[in-house]
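Colleague: Before anything else, here's the structure in question.
Every number in this text was worked out from the coordinates using simple rules, so none of it is lab data. As the structure is a computational prediction, the values presented were derived from the model and not from experiment. A quick note on method: Cβ atoms are made from the backbone with ideal geometry, for glycine too, and the neighbour counts reach across all protein chains shown.
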Amino acid sequence: MDDLAAGPETGSRETDGWETDAWVVDRPGPMAPGPMASGSAGTGPLVRTRRPVPEPGPGELLIRVDVCGVCRTDLHLAEGDLPPRRTRTTPGHEAVGRVLALGPDAATAGFAEGDRVGVAWLASTCGRCAYCTSGRENLCPASTYTGWDRDGGFARHLVADARYVYALPEGRLGDAELAPLLCAGIIGYRALARAELPPGGRLGIYGFGASAHLTAQLALARGATVHVLTRSEQARRLALDLGATSARDAYAAPPEPLDAAILFAPVGDLVPVALAALDRGGTLAVAGIHLTDIPTLNYERHLFQERTLRSVTANTRADGRAFLAEVAARPSPLQVHVVHYPFEAADQALADVAADRITGVAVLDIGERQ
Ligand SMILES: [Zn+2]
Ligand SMILES: [Zn+2]
């Protein structure tokens with residue numbers, strides 16, 4: 001771990017006086033629609049800044065960020081679809097990095113300096129409420145989130161509660177492939193569970209971005225038939241390459257009725273479309289944290305015959321661990337279609353997400369080692 005020596009040292013408070021680079025959401029508002037000059041500060045909601053390296057408190061880890069994925073939720077935070085919970089917060093909740101220092105009592109979570117770790121969306125829960133104590137910590141009313149309540153991974157350093165950090169043993173997936181798994185992957189995993197796809201069933205996937213292209217591979221490995229419905233022709237090609245049986249426009253009908261569907265596109269107009277595509281008894285799971293308004297539903301066409309509409313809200317740590325274990329156990333590695341951006345171009349990456357210019361998933365290369 002010789003490159004760790006180049007960064008702030010551990011434990012001894014040698015990080016005092018060190019500064020780090022970070023992006024923050026200054027004033028939530030629309031991302032510029034067109035291509036931007038990389039690193040241009042001050043024109044959009046995302047602004048680059050320098051600040052002291054954070055110090056790990058009790059139970060926390062100081063992490064040097066090597067790669068951070070760019071999620072649509074970061075866009076919702078930058079644009080104000082999710083109202084800010086604290087000013088000038090650093091977005092980013094798909095951070096892969098190495099442990100630089102442990103705060104007091106953090107060792108009990110099992111991490112050591114130099115470990116590869118992942119910081120995801122769920123940053124903390126109360127641990128005491130009815131949801132937390134019944135395996136549903138994703139519904140905890142007191143939960144906090146990385147990049148919303150706490151500074152996230154669009155920065156060279158971050159601190160996180162060690163109990164919510166994922167161990168990412170070195171393996172066949174690199175940092176850039178692992179980063180998108182931390183939100184896009186885990187949420188897709190939970191959405192697939194919530195969609196209650198029967199074994200060998202027919203799954204419809206509406207929208208085919210970061211989360212969908214990972215979820216499709218999970219479903220295919222479990223023996224599902226996958227139909228992809230998305231407006232992007234490039235994404236339709238990727239879907240077919242990954243093994244989908246069909247790929248059509250988002251508003252088109254799939255070639256056969258669906259046992260289950262997942263709506264990844266944040267488009268409420270697609271809810272009745274997807275419900276109408278379900279077979280009797282089918283389930284539609286809405287995977288997004290934000291959705292435009294759902295138009296009026298017709299009971300007969302959209303819900304009768306015991307069709308079910310349900311949401312997906314964040315995830316539990318158990319979801320995350322189970323998903324990462326399923327990925328590690330695959331006979332062939334998950335194919336993660338990564339589009340790289342330098343750290344300095346985080347605003348460009350977010351603008352490209354906003355304009356749907358990315359096929360696959362955008363990641364920021366932050367550390368020296370990717
Ligand atoms: Zn709770
Ligand atoms: Zn996310």
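Colleague: Given the peptides 204-215, 232-243, 301-312, arrange them by the average over their residues of other C-beta atoms within 10 Å, most packed first.
Modeller: Descending packing order for the listed peptides: 204-215, 232-243, 301-312.
Colleague: Here's something else I'd like to know. In percent, what relative contact order does region 186-311 have, based on Cα pairs under 8 Å that are 6 or more apart in sequence?
Modeller: It rounds to 25 percent for region 186-311.
Colleague: Can you give the charge dipole size of region 103-166 about its Cα centre, rounded to the nearest 20 debye, using +1 on the beta carbon of Lys and Arg and -1 on the beta carbon of Asp and Glu?
Modeller: Dipole about the Cα centre, nearest 20: 160 debye.
Colleague: Right, something else. FRET efficiency for LEU139 and ARG237, Cβ-Cβ distance as r, R0 = 30 Å, nearest 0.05?
Modeller: So, using R0 = 30 Å, E works out to roughly 0.20.
Colleague: Looking at the square roots a ≥ b ≥ c of the eigenvalues of the Cα gyration tensor of region 186-311, which shape do they give, rounded for a/c under 1.5, prolate if a/b is larger than b/c, or oblate?
Modeller: Cα axes put region 186-311 in the rounded bin.
Colleague: Here's a follow-up. Under unit Cβ charges (Lys, Arg +1; Asp, Glu -1), what dipole magnitude, rounded to 20 debye, does the chain have relative to its Cα centre?
Modeller: Around 920 debye, computed over the chain.
Colleague: Also, quick follow-up: Pull up all non-local amide H partners of THR308: gap of 5 or more, or a different chain, and H-to-H distance under 5 Å with H placed in the peptide plane.
Modeller: Counting only residues 5 or more places away or on other chains, the set is GLY282, THR283, LEU284.
Colleague: When you count, for each residue, the other Cβ atoms within 10 Å and take the mean per peptide, how do 189-197, 247-255 rank with the highest first?
Modeller: 189-197, 247-255
Colleague: Could you work out how far apart the two model spin labels at THR296 and GLN335 are, taking each label as a point 7 Å from the Cα in the direction of the beta carbon, and quote it in nm?
Modeller: Result for the modelled spin labels: 4.4 nm.
Colleague: When you count, for each residue, the other Cβ atoms within 10 Å and take the mean per peptide, how do 315-325, 164-174 rank with the highest first?
Modeller: Per-residue mean Cβ counts within 10 Å order the peptides as 315-325, 164-174.
Colleague: Residue by residue through region 196-205, what is 3J(HN,Hα) from phi via Karplus (6.51 cos²θ - 1.76 cosθ + 1.60, θ = phi - 60°)? Round to whole Hz and write x for glycine and proline.
Modeller: 6, 5, x, x, x, x, 9, 10, x, 10
Colleague: What number, in percent, do you get for the relative contact order of the chain if the mean sequence gap of Cα pairs under 8 Å and at least 6 apart is divided by its residue count?
Modeller: Rounded, it is 19 percent for the chain.
Colleague: Counting each DSSP H run of 4 or more residues in the chain as -39500 (n - 2.57), what helix-only mean residue ellipticity at 222 nm follows after dividing by all residues, to the nearest 500 deg cm²/dmol?
Modeller: After summing the helix terms and dividing by residue count, I get -5500 deg cm²/dmol.
Colleague: Still on this model: How big is the charge dipole of region 186-311 about its Cα centre, in debye rounded to the nearest 20, if each Lys and Arg gets +1 on its Cβ and each Asp and Glu gets -1 on its Cβ?
Modeller: Using Cβ point charges on Lys, Arg, Asp and Glu, region 186-311 gives about 200 debye.
Colleague: Which residues does the label zone of ALA193 cover in region 257-282, counting backbone N under 17 Å from a point 7 Å along Cα→Cβ?
Modeller: From region 257-282, the list is 262.
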